[in-house]
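Trainee: One structure is given below, represented as structure tokens, and several questions about it will come after.
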Amino acid sequence: MDLEGQGRIRQVVEQAGTDGVIAVLGANSPTAVEMTALTLKSGDPSYAGSLAGIALGIPSYHILEPEITGQVDGALYDRELALSALAMDVTEVIAPMKAIRES
Amino acid sequence: MDLRGKRVLVIGERDGVNAPAIEACVRSAGADVLYAETLCFV
């Protein structure tokens, strides 16, 4: 997650709180997914952004995790997600998510 | 995890699934979107 994005998310969370808040990600690489999920849970691991040292505790899910896609309207899934699900290695990309949520 | 009633930070990616697509999908499942952004890694 870029530094400006961290600042914007910090602002949103300061105004709205973190109750009932989750993140849903769309990145196509396990590394990008892992870095974003760690930043939102425990703070920026690179200590470069405004979320450095701030453990928001927000759980992250990937939009293509079965737990999420199972709740999405079928026609919308076909239109918005089906092609991405074919283009990326979903199993590899979502692999870090559960471990980070449960750590 | 039930998306209904959840408040969602949407962080899409240009080369993966972009934010508007994620936003439409989570709204269809009953979630509210607090924030949406599409990242671009080049």
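Here is a yes/no grid of residues against (1) at pLDDT below 95; (2) among the hydroxyl-bearing types (S, T, Y); (3) under 18 Å from B:T38 (Cα atoms); (4) surrounded by 17 or more Cβ atoms within 10 Å (Cβ to Cβ):
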position: A:L40; (1), (2), (3), (4): no, no, yes, yes
position: A:A48; (1), (2), (3), (4): yes, no, no, no
position: A:T69; (1), (2), (3), (4): no, yes, no, yes
position: A:V72; (1), (2), (3), (4): no, no, no, yes
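Trainee: Check off (1) more than 7 Å from every other protein chain (Cβ to nearest Cβ); (2) more than 11 Å from the chain's Cα centre (by Cα) for B:D15 and give me the number that stays unchecked.
Mentor: Unmet condition: (1).
Trainee: Give all pairs with beta carbons closer than 8 Å in which a residue from region A:1-15 that is modelled with pLDDT of 90 or more meets a residue that is of a type in the set (S, T, N, Q); count only pairs at least 6 apart in sequence or on separate chains.
Mentor: If the second residue must be of a type in the set (S, T, N, Q), the pairs left are A:Q6/A:T39; A:Q6/A:S50; A:G7/A:S50; A:R10/A:S50.
Trainee: Could I ask something else about it? Select from region B:19-37 the residues that are more than 8 Å from chain A (Cβ to nearest Cβ), part of a helix (DSSP H, G or I) and surrounded by 17 or more Cβ atoms within 10 Å (Cβ to Cβ) and list them in ascending order.
Mentor: Scanning region B:19-37 gives B:E23, B:R27.
Trainee: Mind checking whether some residue in region A:36-51 is assigned to a loop (DSSP other than H, G, I, E, B), over 20 Å from B:V8 (Cα atoms) and within 11 Å of chain B (Cβ to nearest Cβ)?
Mentor: Within region A:36-51, not a single residue is assigned to a loop (DSSP other than H, G, I, E, B), over 20 Å from B:V8 (Cα atoms) and within 11 Å of chain B (Cβ to nearest Cβ).
Trainee: Scanning region A:67-92 for residues that are farther than 15 Å from B:V26 by Cβ and of a type outside the set (G, A, S), which turns out farthest from the other protein chains (Cβ to nearest Cβ)?
Mentor: Only one residue tops the list, namely A:T91.
Trainee: Of the numbered conditions (1) β-branched (V, I, T); (2) in contact (Cβ under 8 Å) with a residue 60 or more places away in the chain; (3) assigned to a loop (DSSP other than H, G, I, E, B), A:V93 satisfies every one except a single condition; which is it?
Mentor: For A:V93, the failing item is (3).
The values are calculated or read from the model by the stated rules, or taken from the named source; none is laboratory data. Just so we're clear, the structure is a prediction, and the values are computed from it rather than from any experiment. Using ideal geometry, Cβ is built from the backbone for each residue, glycine included, and neighbour counts are taken over all protein chains shown.
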